Structure formats: C-alpha cells, structure tokens
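Beneath this line is the structure, given in structure tokens, with notes to follow.
The values are calculated or read from the model by the stated rules, or taken from the named source; none is laboratory data. None of these values were measured; they are calculated from a predicted model. Here the Cβ is made from the backbone with ideal geometry for all residues, glycine too, and neighbour counts use every protein chain on show.
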Amino acid sequence: MSENPQSGLLIIVSGPAGSGKTTLCDRMLAEIRQIERAVTSTTRQPRGGEVDTVDYYFFDHDSFQAKIAAGEFYEYAHVHSNLYGTLQSEVQDKLANGTDLLLNIDVQGAAQMRETAQNDPLLKGKVITVFIMPPSVEELEARLRGRGTDPEDEVQRRMKVALEEMKQSKFYDHTILSGSRDEDFAALQTIYGLAVAARCRS
C-alpha cells in the first residue's frame, strides 16, 4: 500500500481542435468543486485578460528552455512556434495533497505523460486519460468552419492534424464520442466518478 493512497487523480483530456474539449473541461472545473485545473506553461504572449500563474505560467523562451534542461517538465512540445509544457511541481504538490487535477493537453503531451506515469511513483495508477472523439470528420470540419475565425488554409491544416490525432484515441483509457455538450459532460462525469470510486476501494 502506498504511503498516501488518497493522493489525487490526474484526469488528462485530449481531442482535436473543434472537438469541444476546452468547453467540456471548463464546465467540469466550474461544476465539480473537487477538481482543479493543472495550470500549464507557455512561451506565448498573454492574451487579453489572461493572468500569469492562473491561466498559464508565462515564461520567455530562454527561461522555458532552462527548465527543460533542468528536467522540470513532465511533458512539453512546440506548438505554432511556441513552447507549451506541464511543470512537475504544478502536478506533484497538488496530487500529494489529495487534489484531483484536470489537464487539457494534446496527444503528444498525453503520450509523454502516460510513459512517465509508468515509472513515477506519484503518477502510477493515478492518471486517467480521456479522448474526445468528434462524431464524424464532416461534423468536425463543420465545427471548425463554424467558428468563422480561420482562413481556409488554416482549416485544412487543422483537419489534417485532427485526422492524425484521432488515430491516437486507441491509446487512451476512455474515448467519448462527442454528442451534445450535456452528453459529453455526463460521460466525463461518469468516468471521473468511477475513478473516484476505484480510489476509495484501494
């Protein structure tokens, strides 16, 4: 038995752009008080209203690279010329205190987290991965176009990335076939509830 069997759970949610994962994660955080968001790090500039340490940990490129060299990240990736990553300290302290965390990251980051969790004593058995699968390729494209914010070449690029990401769903613990927002929320609530129940039995 581990020293702290009631350490927190880490729920990782991934899905292609347009899958609704960010809206889903925001609702989980708003309505389930036991869950906190794992704040990720980035080298991109803050957008309007974003607050350092609340929305992201904002670092300049050199500082981020120094943290990579020091082994301070569980996972990191280059995305659109910026760096994104999850600091070990952000996750470890909260899990050790029994806080359940929700982490919204891409398939590349999730793969790194799964690999790390196999050997990390705090993460082992505490990571639950969930992939949000669009109902169809056609629906995903319609959602991306419905935003009305991206030029055609960007829509096509996102679709190409999405098709590759969808192939990774088989590596996740759970796949939610996206329906309505309420259906997706109910499905993620159920997955979380089962994980909590399993922890209580351990």
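Details
- Within the range 12-37, the set of residues being under 28 Å from Lys160 (Cβ atoms) and among the aliphatic types (A, V, I, L, M) comprises Ile12, Val13, Ala17, Leu24.
- Selection of first residues in the range 119-131 that are under 17 Å from Val196 (Cβ atoms) and of second residues that are at pLDDT below 90 and aromatic (Phe, Trp, Tyr), restricted to Cβ pairs under 7 Å at least 6 apart or on distinct chains, gives an empty result.
- Counting only helices (runs of 4 or more DSSP H) that fall entirely inside the range 1-116 and contain at least 2 residues that are of a type in the set (Gly, Ala, Ser), the qualifying elements are 61-69, 88-96.
- Verdict on Thr40 being farther than 23 Å from Arg114 by Cβ and either of a type in the set (Val, Ile, Thr) or modelled with pLDDT of 95 or more (or both): no
- Residue, modelled with the lowest pLDDT, within the range 116-159, restricted to residues that are closer than 30 Å to Asp100 by Cβ and of a type in the set (D, E, K, R): Arg143
- Residue within the range 157-172 that is within 19 Å of the chain's Cα centre (by Cα) and more than 25 Å from Leu10 (Cβ to Cβ) present: yes
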